[in-house]
Amino acid sequence: MKTIYDAMTEAIDGIDEKYLIKTAKCFHLPKEDAKRDITINSEDLVEMKKEIKKTNRLAKITAVAAAFICVMTVAILLVVNNNKVQVLGSSGENSLISDPFTEGEDEEPQISPEKQNAMDKINRLLLTSGAPTAKFENENKENPAYIDYNGGKVRFNFEMKQSLNAKIIPDAISFGWYITVNGVLQNITVNGKEQGEIYIHRLVKGVDYNSSDASYSLDFEFEPVIAEADKGKNKLEISLVQISNPDFRVDPIYPECSNLHANVVFATRILNVNTELKVKDIKKSETQYTEELMTVDVLKKHPEIVFNLNSGSKAEIIDEDRSEQVIRADKNGEVKLGAVISGNKNEKIRLLFLVNGIPTKLSDGSEYIEIDVRSGYLYEIKPDKILNVKPYDSIDILIMHCLDESEETHMSCSAFPSVILPYTNDK
Amino acid sequence: MKISDQRIIEMLFDRDERALTVTGNTYGALCRRIAYKIIGDYDEAEECVNNSLFELWNSIPPAKPKSLKAYLCGIVRNISVDICRKRKVYEKTESNITELIQIFPDCENTETSYDGKMLCTYINEFLSEQKDVNQKIFVMRYYYNFSVNDISSNLNIKEPAIKTRLFRIREALKLFLIDKGYDL
């Protein structure tokens, strides 16, 4: 006899796989983990290999024994049939059975020290984390989500606390920040120094941190500039975007990595404009895109796209072959990039391509792509030549939401960063 | 470079150990959160995630899951629950299943004739009749032991709405089980 609790636990254990798959799709992949990240250290790996070898050896012995019994059975049958006596499997030359203890002993993949070094670099970088909080001046007293702007500079302060409780402490870490106003990048001044459109903060082991935590404070300021299309609007969305490891460049020896240069919108505010804003001289792209209803069949073609009505739009980078998995340069070394965007909400978005964390231009010299996305539709931006991209560059998309009448800010999902691989004939 | 789940599965089939590093980098933090929600201890959660990766390595092949993420989360969940059961800490106070069994009249520790497998069939049938969002809330709450706050952040639904939905799901489950002949 069981308790109700036990019976219910057993019932919950047996929940159908389809519900688990559906639920797992909604799990956010935490880009930052305040505690620790996963590493399979070398000791674990050695233990793991031993276990696997033991299992493999047992399996081999079993298979060999089974094969031996089969061979002997067949041999006996043949002997009985032909009334002849034969010795099978005893000759060294014609032995049917190979030695299970020597075969494949040295088949373990050997990783060169250079490759191991490149792999370690990536693993170290991925072990870092940060959780900034921004305090703005001129916050609206009634609603702190609004920043009153009457001219001059918008100022805010970051208090950064970063946990580095990793087994391997990296030698240096970098974090970058962008500020956008309705998707338009702003020129940033940090701690009194002009930085351009991206500010990269570099932390050095032994100076800024030792083995546990790093904390620092940054004073940001910027004078809001807008796109021509936003002229006359008195409510605009400020997005604060953090990018991880902007200094890091992929090593051709080990170009397989994930989440490098990942960007995340970690805070949004609404700029309550009471004055005229400067218009930035930026060009909107005229690149073509298609709109398609997000049916199950369409989503099957884009497994990384998740339709979620409760989150902002999500983008995936594609290349000329419309591949989301491997982005490759073409024969001439050029790269054509497009994007697939899931319309999760009705919203206007602006996209910028980032190369090694720096915004880049499209072939027509334009800086951003603007799309009015509708909920439930999938958008595909036709791949276009991206300037100044070469193999092993990291690419990403900044996908920014533009504020509309609802005055609802969105933290749109960034694309999954990718690395350009050189052209191969296997393409 | 992004490594797709499909590619990771292929790497596991090829016995390429890098698959574990890639899986750990992609899903490590998520797995640890799931383990932590159930076990309540960071060190144990980390150990659980390492064991889960080892289990992943051992089970693929022959298993070829449709969704690596769901498969791995399931492994993490099961190992976490096993750890708790062995340590006898997966008590009523720790598990959200406690609130689910409130729909039964004799929800104390009394022994009963309820059949877990039959109940499982009914729960799956019940879920099939629920809206997508309710299915997810149910699984997150009772399978993964998520708090209302965690569900809220994963689904981007406000906490009071989650609480209301959970209440309605339990009520609907009660009616469903009565309909199936349970004396509730």
Tilt relative to chain B, helix B:116-128 - C-alpha long axis, 0 to 90 degrees, to 10: 90
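Compute the Rg/Rh shape ratio of the range B:5-86: radius of gyration over Kirkwood radius, all on alpha-carbon atoms. Kindly include the intermediate steps, with their values, before the conclusion.
Numbers: Rg = 12.1 Å, Rh = 12.5 Å.
Dividing the radius of gyration by the Kirkwood radius yields 0.97.
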For the Cα atoms of chain B, what angle does the longest principal axis make with the long axis of helix B:68-86, in degrees from 0 to 90, nearest 10? 60
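Can you pull the percent of Cα pairs in chain B with separation above 22 Å? Walk me through the numbers before you get to the answer.
Working: 9108 of 16836 pairs.
More than 22 Å apart: 54 percent of the Cα pairs in chain B.
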Please identify, among B:ILE75, B:ILE39, B:ILE101, the residue showing maximal mean-square fluctuation in a Gaussian network model of chain B using a 10 angstrom Cα cutoff. B:ILE101
Crossing angle, helix B:18-39 versus chain B [Cα axis fit, 0-90 degrees, rounded to tens]: 30
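Starting with the fewest neighbours, write out B:THR121, A:THR9, A:THR3, B:THR21 ranked by other beta-carbon atoms found within 10 Å of each beta-carbon.
Details: B:THR121 15, A:THR9 22, A:THR3 18, B:THR21 25.
So the ranking, lowest neighbour count to highest, is B:THR121, A:THR3, A:THR9, B:THR21.
Tell me, what is the percent relative contact order of the range B:97-179, built from C-alpha pairs under 8 Å that lie six or more residues apart?
Once divided by the residue count of the range B:97-179, the mean separation gives 32 percent.
Give, as a single signed number, the net charge of other residues whose beta carbon lies under 13 Å from the beta carbon of A:ALA267, with Lys and Arg counted +1 and Asp and Glu -1. Could the numbers behind the result be given before it?
On the way: positive: A:LYS135, A:ARG269; negative: A:GLU139, A:GLU159, A:GLU237.
It works out to a net charge of -1.
Values in this text are rule-based calculations from the coordinates and carry no lab data. Just so you know, these numbers come straight off a predicted model, no measurement behind them. Please note: Cβ atoms are built from the backbone with ideal geometry, for glycine as well, and neighbour counts cover all protein chains shown.
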